Every structure is written in structure tokens, then in C-alpha cells.
1. Report, by chain and number, residues whose modeled amide H sits under 5 Å from the one on LEU192, excluding near sequence neighbours (fewer than 5 apart, same chain).
2. How would LYS291, LYS181 rank on accessible area, largest to smallest, probe 1.4 Å?
3. Please work out the C-alpha center-to-center distance from the stretch 295-343 to the stretch 394-418 and express it in whole Å.
4. With contacts defined as alpha carbon pairs under 8 Å and 6 or more residues apart, what's the relative contact order of the chain in percent?
5. Taking only the alpha carbons of the stretch 195-351, what extent do you get along each of the three principal axes, in Å, biggest first?
6. Starting from 0 in steps of 5 Å, tell me what percent of the Cα-Cα pairs of the stretch 498-574 lands in each bin.
7. 5 Å is the cut-off here: which amide hydrogens, built 1.01 Å from N in the peptide plane, fall below it relative to LEU234, excluding neighbours closer than 5 in sequence?
8. Kindly report the accessible area of the chain per residue (heavy atoms of protein chains, probe 1.4 Å, no ligands, DNA or RNA), in Å².
Amino acid sequence: MTSSFSRVESFAPILQEPIWHQHRDLEASSVEARIRLAYERARSLSNAVGMTIEDIRSLKPKFWDFHRHAFTLDSGAWTILTIHWNLCMGTISSFLSERSDLLPLLQALEQFDTCGEFLLTELGHGLDVRNLETTATLQADGSFVLHTPNPRAAKTMPPSSPHSGMARTAVVFARLMVASKDHGVRPFIVPLNDASGAMCRGVACTLFPARPGAKAIDHASTSFCHVPLPSEALLGHIHSSSMDERKDFMRAIHRVTVGTLCLSTSNATVLRLSGCIAGRYSAKRRVGAPKSVPILSFSTQYGPIARILAHAVVFDKYAIEAMQLFIENVGNSDMQNIIAGVFKTTALDYTQKALSELVERCGWQGLYAHNQISEVWLAEKGNSIAEGDFVVLCIRLASEIFLGRYAPPKPRDPQCLLARHESGVWDEARQIWASLHGGHRGKEFNARLLPLSLPLVRATGQRMAYEAAKNAMVHGNDHGISMTPQALALYESTCMMEDRSWYVENGVMSRRALLNRDVDAMNSMLPLLEGMINNPAVDAFINAPMVDQDRLAAFFSSLPSFQGPKTEFYQAKI
């Protein structure tokens with residue numbers, strides 16, 4: 001089952017609206033103007049996509065396709081909407097079957113008449129739920145009073161400033177206090193801004209500085225000073241056992257795990273777009289005299305671009321399969337945690353390293369946000385932390401696997417090279433685990449196994465991505481980028497080259513054989529590279545001036561310039 005947005009080019013018509021033209025970014029000179037532009041674009045996206053309550057609640061294809069493809073349009077607008085749709089509407093809609101009175105609010109959120117937020121993390125505690133300090137105290141009449149007891153308890157980072165120019169309502173997590181007894185952390189529906197954007201009574205917002213590189217939105221800390229809330233503000237029941245309290249809390253934050261996966265699926269399109277931008281620039285940029293050649297002819301230039309485009313195709317297939325597995329495991333939170341955590345680790349870890357190199361391969365022009373690569377690179381850094389820092393996710397996943405509580409999906413072909421590598425590094429880690437004293441919270445585990453968490457989980461993800469891409473190539477599908485044997489071979493070789501020592505140490509292949517195999521994979525990919533770089537499906541998304549000389553000249557002519565007085569030219573006489 002697919003949606004009308006299953007392909008990246010499905011979003012191209014949206015970019016024809018004037019609000020998406022690049023000059024609008026240049027005209028928005030102040031932080032406030034850039035924030036307002038992000039909300040205007042979020043409204044444009046919301047109108048075009050038409051996301052419904054049911055799309056969000058049931059994780060329909062449109063929900064996933066928005067997250068896969070729309071990040072590259074405007075990362076700020078995308079961030080506003082993923083908080084709004086996934087975290088806020090997703091959480092509230094899960095209570096709709098028992099709370100029909102929530103429907104009017106959900107309908108206002110669906111129409112984007114109200115912007116939704118999700119306030120869980122606190123300035124001094126992050127996601128350390130056991131130490132969250134915001135309180136909601138039950139009153140005699142059944143109402144509540146929401147309060148931030150000290151600066152450490154201020155909620156971060158979701159937006160809450162008046163710059164949105166619209167009403168804003170949040171799901172706020174606070175300790176439910178009943179007769180001085182702590183009943184655990186619960187979600188409450190809390191208005192933050194009125195229809196004009198002004199702060200509601202008792203709600204305070206401190207606007208954070210703009211993040212470097214990423215599109216501006218109004219990230220902030222939000223605090224509450226004895227804010228009265230009606231009884232229906234609470235999502236869930238007041239009285240419950242300690243076991244029910246944990247169950248209720250896990251239900252209330254289940255959309256965080258959804259976010260772990262859906263935010264990460266944007267990486268395939270980000271890699272594809274960035275590879276095409278760098279490739280088009282490299283084909284135009286020439287060096288040498290008297291006979292110049294494009295810098296794309298050098299292996300140090302075409303190599304990183306080809307690898308990125310191969311990963312983009314593989315990650316696209318992996319994203320589609322991971323989304324299907326995630327939905328199939330609704331109700332099995334452990335497996336959903338594995339699917340989301342492994343995908344996020346694999347995609348984000350590669351994307352961050354690859355885009356950093358790609359920025360450098362584009363020289364000084366790669367450093368500038370208007371050429372897009374550095375912007376999406378830094379914006380994706382936010383996704384590596386949002387809905388779970390992927391290193392912390394790896395620590396948790398690896399620990400649970402060592403303890404026998406979790407088990408990732410088994411390899412389809414245990415003899416494929418990436419499956420053998422995965423099995424080998426995990427077996428080696430288990431031998432270390434068996435020799436340690438002090439358990440998984442001991443000093444030896446901390447020193448010897450925590451640093452292995454990321455490469456272990458990445459090894460599993462690389463194998464799962466390979467399997468998903470191979471399966472898509474064999475059986476085909478009607479959405480996403482076309483999978484080719486050449487892209488799959490280059491992806492596999494790139495993964496192997498990241499841990500050459502394991503293959504050599506275990507007698508699988510010599511260093512020379514690994515290098516020769518990698519060169520062969522790269523050479524087989526080169527005949528496809530021009531077509532992948534110039535694929536018209538991404539044309540509408542590329543506005544980087546550096547890819548075209550006429551576009552570059554027009555861009556620089558639009559920038560402020562300063563000139564000194566004209567000089568007179570005198571012809572020298574002999």
C-alpha cells in the first residue's frame with residue numbers, strides 16, 4: 001500500500017509556490033522573520049499533504065512518506081510538523097477511543113489552526129524521567145495546577161515562542177501529585193499560546209539562539225508558574241498501581257519510538273540530494289591547463305559521491321522494510337525499539353560522516369548553507385539526538401542483547417559477508433562480556449563494552465540494510481529509488497572497508513583482496529553515476545547556486561555589494 005507521496009518528486013509541485021523560492025530565505029534577514037517563514041512553509045506543507053488524524057494514529061503510508069522525503073524542502077518546517085503530527089497529535093489521538101471530547105482539539109490540530117508541541121525533556125534532566133521535576137497537583141475540585149519548581153525543570157527544546165503567530169497547545173509531562181503523593185509522570189494537555197501567538201497566562205518562554213546551519217525555528221525552554229488546568233487536561237486515569245503507572249507512561253511516550261524511526265528515514269533522501277548536488281558541481285568544476293578536466297574525473301571526488309548515492313538507494317529500501325516491520329510489531333515494544341534503534345544508528349552514523357566529507361569535497365562553496373549540503377548535514381545532527389541520541393540507543397540495545405532480553409531479526413543468509421561480520425563481532429563481544437565482573441552496570445562493562453555498542457549495532461544494521469536492498473532488487477517494488485546490483489555491491493564493499501581488520505584477522509580476505517574488490521565495485525558503479533547524479537526526480541529540490549554557472553552569477557548579483565570610486569585608466573606612453 002502506497003500514498004500519493006511515495007516518491008520524492010511527488011513534493012515538487014509544492015515548491016512552485018512563491019513562499020518556497022530561495023530569495024525568500026535571503027529576504028528573511030532577522031531571526032524572527034526566518035522563524036515566521038518556517039511556519040508559513042509548514043502551513044503550505046500541511047495544506048498540500050493533507051495529513052489526517054487517522055493517517056497519524058494508524059501510521060498510514062502518507063505519514064511515513066512525509067518523513068522520508070519532505071526534510072530537504074525546509075528542515076525547519078519539517079521539524080515543526082513532525083512534532084505537531086507525530087508527537088502531539090499521535091499522543092492525543094491514542095486516547096481518542098476513550099476520550100471522544102478530544103476530537104475538536106484534534107480537528108483543530110489536523111487543520112493546523114493550532115500548532116501542537118510535546119514537552120517531555122527538562123533542562124537539567126533531559127530524558128531522565130526518574131528525575132523530572134515539573135509537577136501537576138490535583139486540587140479539591142478535580143482540577144490541577146501545573147508548576148515548574150526551579151530553572152532545571154524548564155521544558156526543552158520544542159518551540160513555544162510568540163513568533164509562530166498562531167495558537168499552540170502542548171502535551172506536557174509532569175509529576176501527578178495527589179495529597180502530596182507522587183503518582184508518576186503523566187501527560188497533560190496545556191495551551192501555550194493564544195490565536196495571536198501571545199503567551200498564555202502563567203506560561204513563560206525563553207527563546208534559544210539559532211542553531212548553526214539548520215533552518216531557523218523557535219527552539220525554546222518553557223516554564224509554568226502555577227498554571228490552572230481543568231480536570232480533562234489529564235490524559236489517562238488519576239489513580240493506578242505502580243505497575244499501571246509505568247504502563248501508562250510507556251503508552252504516553254510511545255510516539256517517541258515512532259519518531260526514532262520516522263525522523264531517521266529522511267536520511268536516504270538527504271544523501272541522494274546531497275550526492276546529486278556534489279556530483280553536478282563536480283561535473284562543472286574543471287581544473288588543469290591547457291586541457292582542463294572536471295574534478296569529477298578524480299577518484300577522490302567520484303568515490304565519495306558514488307558511495308553516498310549507493311547508500312541512498314540501499315537506505316531507501318531499508319527504510320521501507322523497517323517501516324513495514326515496525327507496523328507488523330505494533331504491541332511488541334521491544335522489537336519496535338530494536339527496529340527503530342538499529343535503523344537510526346545505521347543511517348545517522350553513515351550520513352554524518354559522509355556529508356562531512358562531501359562538504360569538504362565541494363571546497364569553500366560547500367561550507368555555505370545556500371548550497372544545501374552543509375545545511376542538511378547540520379540539520380540532520382539534530383535528528384541524531386532527537387527522539388533518542390543514537391549512541392545512547394546503542395548502549396541500551398547492546399546491553400539488552402547481552403542480557404538476553406532483546407534479539408534482533410536473524411540473518412536471512414547467515415553466510416553472506418555482512419552477516420558473517422555481524423556474527424563475528426557479536427561473538428567476540430559476548431566473550432568479553434562472559435569474562436567481566438560487576439554485571440552490565442560495572443566498571444569493566446563501562447570500560448570494555450560500552451565503546452563497542454555503536455559498532456555492534458551498526459554491524460547488525462548494515463546487514464539488515466543489505467538484506468532489505470537485495471530483497472527489493474530481487475522482488476522489486478513500485479516505490480522508492482530503483483535498486484541495482486552495482487549500487488548493492490558498492491554498499492557492501494564500503495561496509496566491509498570500514499572494518500578491514502576483522503576480515504583479515506578471520507581469514508576471510510587479505511587487505512589487497514579487499515582493496516581490489518572495492519575498486520572493482522566502484523568501477524562497476526561509474527557507468528551509472530552520471531544518470532544518478534542528473535536524475536530529474538530531484539531537480540525541483542536542488543536550488544544550490546554552485547551547480548550551474550548562470551544560477552551562481554544570478555545568486556551573487558542578488559547579494560549586497562560595495563564599490564569604491566571609479567578609477568581612470570591611462571594608456572602608458574613609451
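1. Answer set, sorted by chain and number: ARG168, THR169, ALA170.
2. The residues order as LYS291, LYS181, largest area first.
3. Spelled out, the Cα-based centre of one part sits 17 Å from the other.
4. 13
5. Answer, in whole Å and largest first: 80, 41, 23 Å.
6. Histogramming the stretch 498-574 at 5 Å steps yields 3, 10, 10, 9, 8, 9, 9, 8, 9, 7, 6, 5, 4, 2, 2, 0 percent.
7. Under 5 Å from the amide H of LEU234: ILE189.
8. 45
The values are calculated or read from the model by the stated rules, or taken from the named source; none is laboratory data. Note that the coordinates shown come from a computational prediction; the quantities given were computed from them, not determined experimentally. Every residue, glycine as well, gets a Cβ built from its backbone with ideal geometry; the counts of neighbours run over all protein chains shown. To get the accessible areas, we keep the full protein, side chains included, count just its heavy atoms, and leave off ligands, DNA and RNA. Shrake-Rupley method; radii C 1.70, N 1.55, O 1.52, S 1.80 Å.
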